[in-house]
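**Q** Next up is a structure, given as structure tokens.
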Amino acid sequence: MADRAHDHSGAVPASAGGGAGGRVAIVGMWQETNTYAPGATTLAAFEAFELLDGAAVLDHHRGTGSVIGGFLDGLAAAGGGGAAPPASAATDGGAAAGPGAEGGGAAAWPGAEAGGPLVPIGLFSAGAWPAAPPDAATTAALLARLERALAAAPEVDGVLVNLHGAMVCEGAEDMEAETLARIRARFGAAVPIAAVLDLHANPSARAVALCDAIVGYRTYPHVDMRECGEEAAALLARALGGERLATVLGKLPHLTSPVAQGTASEPMAGLIERAEARAAAAPGVARISLLPGFPYSDVARCGFSVTATAALPRADAPGREPTLADVPAASGGGADSAAADPLAAAAGGGAESAAADPLAAARRVVAETLADIEAHLGAFATARDDPAAAVAKARGLIAAGTRPVVLADLADNVGGGAPGDGTALLAELVAQRVAGAVVLLVDRAAVAAARAAGAGATVEVALGGHADDLHGPPVPVSARVVRLGDGRYTSGGSYMTGQRFSMGETAVLDVEGVTIVAMSEATPPFHIEQLTANGVDPAAASAIAVKGAVAWRAPYGEVTAAAIEVDTPGCCPADPHRLPRANAPAAVDPATFQIDTTGAMR
């Protein structure tokens, strides 16, 4: 860490002058927020999904396919220490001592692991399923817990942060920037920060400016979360070994539909391939991330973002060119900050600017990638069948022997924050008598009625349509209670592999040959165990109605004979431009984008 001594904040890294090892703090703040979704997210939603402090952060994620699981694996690999022991084994008797305990050191900290030269220290992690914005009380509680964890933390050499990138809270419209600013304020400019972002992130200039390195998911469906965590840990290890990293952001003010953002098909597959080829050919560029964004959020930071993380010349290199350490930290972009910063003033390409601006290559790669994206925006246009036409098409396929047919309920996409109780497809499947069809639906009242009646009984219920007026009216039915369950399962698929989830109490209902898996809590269709744990064989279904756009393809891909994406009503419409907006998306020019390591609470 000796060549990070250019920090002007006064903060001293934990192992300043001590080489490439050190302590690495682990922090998480994660939710994809749909500002058009009904209701509000409360603290209970985080408590149900993830709200952890200290060693519990490491224990919860160790050995899983999550981003933080990847952090831990990546640190072990980069540090050469192999798998770390459980955090509870860090001290005698399993009770970790505090930072002032006799003997000190990382292993004496409650959240530290003695697993090798790079020691992870769990600080704080909060996460909730996509939904409406967290209310003001929840926002305050999350930030207060983060601040307490940071205040109690020991000095560290680096920080790994798991963020979504599209978290919007009441009282904190840019929750990622608020999180990163607090981390910077606690640890100072000399301590490198590497963050992982979801492919649907809407990163602001301020948030990116506070990071040294950013790794965005490459895949949608998101099957590379662990790998992205490992990659971020490897980049952080490079920074701890003496490299200076910085990240450039560029953004187009255009909204694209998630249904067109799948990375296995065009236009995304080609855009990513060409962008990574540009990055590989650009001197110093270590990682490029294409983030088409989350359009169901009425904030100016929406849009199609591109980030590029670059390695800058070392401070001790003979005859080195100017680096970010040589100029005052600036705010997150724009003409004023560019004028104050010679690095920005030099941006724009060419040999002369490259000599003055160590980020010139990264800026050029981002600008060229944005131009490529803009040239292909037409390929993101969406036109899909309405529910009646889609179900009729499914019936034809089933009659011809193609089954199961997956019907993707695009606008009631639980993975995009929708309530999951939309009734458009349910009503059509019942009306068109599609025997053997399966529908996943959120309806706590129907589950309660089924549990009160018991398995084998018949109940009269109005299914779905309770959250708001956007997703269709309730469907009155007479339903036979087939099975009751607790809704708990462990993911065996590619999304957060090995973690436990809960749908709340469940009831499997039969309505004229259509099976409804009713759940008490909105749970995205990221795991096929939502059916199998409730005794439903997906391969035996004629059709399966899932409430998602693209992510369902990972768990259901092996059993899907055909798929129909359906233009349903709701808060995640196939065309995001149908939703009213008070905040127009704002562009970010990579030529004038600036870093900010001060962590000032603006």
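**Q** Determine which member of the set VAL208, VAL191, VAL248 is among the aliphatic types (A, V, I, L, M), crowded, with 24+ Cβ neighbours inside 10 Å and either over 20 Å from the mean Cα position of the chain (by Cα) or not assigned by the TED database to the domain that holds THR309 (or both).
**A** Residue meeting the stated conditions: VAL191.
**Q** Kindly list the number of the only condition in (1) crowded, with 20+ Cβ neighbours inside 10 Å; (2) in a helix (DSSP H, G or I) that fails for ALA539.
**A** (1)
**Q** Please enumerate the residues belonging to segment 137-172 that are assigned to a loop (DSSP other than H, G, I, E, B) and surrounded by fewer than 22 Cβ atoms within 10 Å (Cβ to Cβ).
**A** Within segment 137-172, PRO154, GLU155, GLU170, GLY171 meet the criteria.
**Q** Let me ask something else. Could you tell me how many of the residues in segment 279-310 are surrounded by 20 or more Cβ atoms within 10 Å (Cβ to Cβ) and not in a loop (DSSP other than H, G, I, E, B)?
**A** Going through segment 279-310 one residue at a time, the tally reaches 15.
**Q** Go through segment 504-559 residue by residue and tally those that are of a type in the set (A, V, I, L, M) and under 20 Å from ASP443 (Cβ atoms).
**A** Number satisfying all stated conditions: 18.
**Q** Here's something else I'd like to know. Give me a count of the residues in segment 269-317 that are of a type in the set (D, E, K, R), over 20 Å from ALA362 (Cβ atoms) and over 19 Å from the mean Cα position of the chain (by Cα).
**A** 1
**Q** For segment 437-464: of the residues being open to solvent by less than 30 Å² (accessible area, probe 1.4 Å) and out of contact with any Leu (no Cβ under 9 Å at 6 or more places or on another chain), which is nearest to SER502 (Cα to Cα)?
**A** VAL442
**Q** In addition: Tell me, please, whether a residue that is in contact (Cβ under 8 Å) with a residue 40 or more places away in the chain, hydroxyl-bearing (Ser, Thr, Tyr) and more than 30 Å from TYR556 (Cα to Cα) can be found in segment 216-238.
**A** Within segment 216-238 (the criterion being in contact (Cβ under 8 Å) with a residue 40 or more places away in the chain, hydroxyl-bearing (Ser, Thr, Tyr) and more than 30 Å from TYR556 (Cα to Cα)), the answer is no, since none of the residues qualifies.
**Q** Just one of (1) surrounded by fewer than 23 Cβ atoms within 10 Å (Cβ to Cβ); (2) at positive phi; (3) at pLDDT 95 or above trips up THR219, so point out which.
**A** Evaluating THR219 over (1) surrounded by fewer than 23 Cβ atoms within 10 Å (Cβ to Cβ); (2) at positive phi; (3) at pLDDT 95 or above leaves (2) as the failure.
Rundown of residues vs (1) farther than 21 Å from GLY464 by Cβ; (2) out of contact with any helix residue (DSSP H, G or I) (no Cβ under 6 Å at 6 or more places or on another chain); (3) crowded, with 23+ Cβ neighbours inside 10 Å; (4) in the same structural domain as ALA435 (by the TED database), yes/no style:
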residue: ASP486; (1), (2), (3), (4): yes, yes, no, yes
residue: VAL514; (1), (2), (3), (4): no, no, yes, yes
residue: THR568; (1), (2), (3), (4): no, no, yes, yes
residue: ASP589; (1), (2), (3), (4): yes, yes, no, no
residue: ILE595; (1), (2), (3), (4): yes, no, yes, no
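The values are calculated or read from the model by the stated rules, or taken from the named source; none is laboratory data. All values derive from a computational prediction rather than experimental measurement. All Cβ positions, even for glycine, are placed from backbone atoms using ideal geometry, and neighbour counts span all protein chains on display. Heavy atoms of the whole protein, side chains included, go into the accessibility calculation; ligands, DNA and RNA do not. Shrake-Rupley method; radii C 1.70, N 1.55, O 1.52, S 1.80 Å.
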